[in-house]
Amino acid sequence: MQAFRDFALNGALLDFLANGLLGWTWWEMLLLALALTHVTIASVTIYLHRHSAHRALDLHPVAAHFFRFWLWLTTGMTTKAWTAIHRKHHAKCEQAEDPHSPQIYGIRKVLWQGAELYRAEAKNTDTLARYGHGTPDDWLERHLYDRRSVWGVSLMLVIDVLLFGLPGLAVWALQMVWIPFWAAGVINGLGHYWGYRNFEAQDASTNVSPWGLVIGGEELHNNHHTYPTSARFSVKPYEFDIGWVYISALQRLGLAKVKKTPPRLAWGEVRPVADAQTLEAVIAHRYELLARYARQMKRVFRQQTGEAEAGTPAASPRALRQARRWLHRDAERVPAAAQPQLAEARAAYPALDKMVTMREELRQLWTQTGRTREQLIADLQAWCHRAEESGIAALREFSLRLRAVRVAA
């Protein structure tokens with residue numbers, strides 16, 4: 001009888017280890033694991049990123065504390081450390097002090113070791129003190145979420161094993177690697193290395209995909225770096241930010257209040273001359289206008305190089321490759337090694353050289369802080385006049401379009 005009870009007990013134990021309390025199939029566990037990791041992604045993008053780091057929205061205390069608790073369970077990250085590191089990333093973007101720039105560390109290191117870079121920066125007390133202001137400092141944060149961060153992920157491990165048995169270890173492992181891979185690796189890595197750009201922001205940020213589904217809308221990284229205090233990351237009609245869907249739902253429930261969204265570029269009649277409203281619109285939409293200017297530069301580049309193909313190329317193939325990649329970027333962002341090739345390309349194609357010069361002069365409108373409003377308006381009028389008298393069709397078209405730009409109401 002005792003042997004029978006021991007056998008039954010061992011059988012029950014083996015059944016529990018194999019199936020846990022729920023007894024789900026592998027695909028049911030996988031679907032739940034993906035749902036749970038998506039909640040973690042939503043917590044990072046809504047609470048840590050848009051709410052805490054950038055103050056783009058205010059969250060109701062109930063919603064904010066749910067996100068804090070969930071991140072404690074599933075990541076062990078603290079609000080202060082994440083917020084401080086991300087704010088430093090924006091303040092020092094693509095510079096030596098940037099905590100995780102692939103332009104500094106290389107794409108492989110950031111993509112595969114992004115979590116290690118995060119943990120190393122989290123130990124920097126100067127970073128936490130300088131950039132971590134305004135984050136929670138209550139009893140729970142000091143005594144549990146921060147001081148006992150390992151307890152959360154340990155509790156999550158126990159819960160997963162109880163629910164699923166030994167397969168719960170795989171569910172837990174998936175939860176633990178989700179943020180380090182997608183957020184610390186893919187967004188911090190590919191989001192500054194590969195993708196498309198709607199705006200000529202001052203850094204190397206890119207949109208990894210126009211559909212922000214997997215990483216909560218963080219895929220639209222170039223949009224975010226252009227308008228960092230916006231609660232919505234999508235700006236084009238074809239782009240989708242699932243994080244914004246969740247924020248909109250929270251707002252309808254009274255659990256969130258959006259503070260800012262991206263400004264909308266509008267067009268009107270071409271003004272006879274650029275005026276104060278034109279200047280206001282140009283400065284407000286400077287990165288989008290520079291992106292449009294970049295497309296015009298590429299058009300001139302194709303025309304100039306296409307005409308040269310009939311005869312002897314005016315510049316070396318290497319110079320042309322570097323020109324295609326860098327001529328539409330801010331001068332301080334161009335690597336020193338590429339400068340000789342760019343100078344060669346500019347000397348070979350005068351129209352392209354003129355476009356580069358005019359781009360830098362246009363950029364002075366928002367980089368020269370010592371000029372008065374009246375002086376800036378005069379500078380813009382003079383710029384438009386030179387552009388339209390340059391003899392370069394693409395430059396003239398851009399200037400006319402510039403005089404029609406408006407700030408949407």
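The values are calculated or read from the model by the stated rules, or taken from the named source; none is laboratory data. Note that the structure is predicted; figures quoted are calculated from it, not measured. Please note: Cβ atoms are built from the backbone with ideal geometry, for glycine as well, and neighbour counts cover all protein chains shown. We work out accessible area using only protein heavy atoms, side chains counted, and drop any ligands, DNA or RNA first. Shrake-Rupley method; radii C 1.70, N 1.55, O 1.52, S 1.80 Å.
Out of the GluC sites (Glu not before Pro) in segment 257-300, which ones are loop residues according to DSSP with at most 13 other C-beta atoms within 10 Å?
Numbers: sites: 269, 280, 288; in loops: 269.
Those satisfying the criteria are 269.
One way to sum up the overall shape of the chain is the equivalent ellipsoid from its Cα gyration tensor, whose semi-axes run 51, 24, 19 Å, largest first. For the chain, the solvent-accessible area of protein heavy atoms averages 50 Å² per residue (probe radius 1.4 Å; ligands and nucleic acids excluded). Put simply, the amide H of residue 240, placed in the peptide plane, has neighbours under 5 Å in 211, 212, leaving out anything fewer than 5 places away on its chain. Rounded to the nearest 10 square angstrom, residue 253 shows an accessible area of 130 square angstrom against a 1.4 Å probe.
What separates the Cα centres of segment 171-205 and segment 18-61 is a distance of 17 Å. Bridging of residue 354 to lysines at a Cα separation below 18 Å is possible for 298, once same-chain residues fewer than 8 apart are set aside.
Here segment 94-170 has 59 percent of its accessible surface on carbon and sulfur atoms, given a 1.4 Å probe and all protein chains in place. With both residues required to sit in the chain, DSSP beta bridges show an antiparallel share near 80%. For segment 176-184, putting each phi into the Karplus relation 6.51 cos²θ - 1.76 cosθ + 1.60 with θ = phi - 60° gives couplings of 6, 8, 4, 5, x, 7, 6, 8, 5 Hz, in residue order, rounded to whole numbers and with x for Gly and Pro. Shown in residue order for segment 338-345 are the 3J(HN,Hα) couplings computed by the Karplus curve 6.51 cos²θ - 1.76 cosθ + 1.60 at θ = phi - 60°: 8, 4, x, 5, 5, 4, 5, 5 Hz (x for Gly and Pro).
Under 5 Å between amide hydrogens, built in the peptide plane, is the criterion, and for residue 97 it picks out nothing among residues at least 5 positions away or on other chains. For the chain, build the charge dipole from Cβ charges (+1 Lys, Arg; -1 Asp, Glu) around the Cα centre, then report which of 157, 112, 390 sits farthest towards its positive end. Of 157, 112, 390, it is 390. The residue 248 and residue 372 beta-carbon pair, evaluated with R₀ = 45 Å, returns a calculated FRET efficiency of approximately 0.65. Our coupling estimate for segment 151-162, obtained by passing each phi through the Karplus curve with A = 6.51, B = -1.76, C = 1.60 and θ = phi - 60°, is 5, x, 5, 5, 4, 4, 4, 4, 4, 4, 5, 4 Hz, Gly and Pro reported as x.
Hey, any idea what % of segment 22-89's accessible area is carbon plus sulfur with a 1.4 Å probe?
Details: 1790 of 2420 Å².
It is 74 percent, rounded to a whole number.
Partner lysines whose Cα lies under 30 Å from the Cα of residue 123, excluding those fewer than 8 positions away in the same chain, are identified as 80, 88, 92, 109. Were the residues from residue 260 through residue 133 laid out at 0.36 nm apart, the gain over their Cα-Cα distance would be 43.7 nm.
When the solvent-accessible area of segment 194-317 is split by element, carbon and sulfur atoms take up 57 percent of it, the probe being 1.4 Å.
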